[in-house]
Amino acid sequence: MSDESLVKLKNIGKTVATRLHEIGVSSKSELKQTGSVEAYRRLSQAYPDKHLPFCYYLYSLEGAIKNCHWNDFSEKEKQSLRDSAMEPEL
């Protein structure tokens, strides 16, 4: 399952899968290795003219890694993801 097609993962539709491919992420194992926060940052950089809603991207990516729906995350988990995504890169 680690190399499962991205569109077969929970929370990942065709558009998100296509965009992940564009930033070099093409499997669940690559997404897991990259991490949801880094993948979200790369997507944000690749699409600077678009606002990428946290729920459609950051939470969905984390949910795909953990095999759960993004809406199942507690507000504390969502806040932690948002905080991580907004931290300056080192």
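Worth pointing out:
- For the chain, with +1 on Lys and Arg beta carbons and -1 on Asp and Glu, the positive-most of Val7, His51, Leu61 along the dipole: Val7
- Sequence-separation-based contact order of the range 6-86, relative, with Cα cut under 8 Å and 6+ spacing, percent: 35
- Note that the range 40-49 has calculated 3J(HN,Hα) couplings of 4, 4, 5, 5, 4, 5, 5, 10, x, 8 Hz, one per residue in order, obtained from phi through the Karplus relation 6.51 cos²θ - 1.76 cosθ + 1.60 (θ = phi - 60°); glycine and proline are x.
- Among 73-82, 52-61, the order from most to least packed when residues are scored by Cβ within 10 Å on average: 52-61, 73-82
- Distant-in-sequence amide H partners of Leu52 (H built 1.01 Å from N, under 5 Å): none
Rule-based calculations on the coordinates, nothing more; no lab input. Here the structure is a predicted model, which is why all the values come from computation and not from measurement. Because the Cβ atoms are built from the backbone with ideal geometry, glycine has one as well, and the counts that use them run over all protein chains shown.
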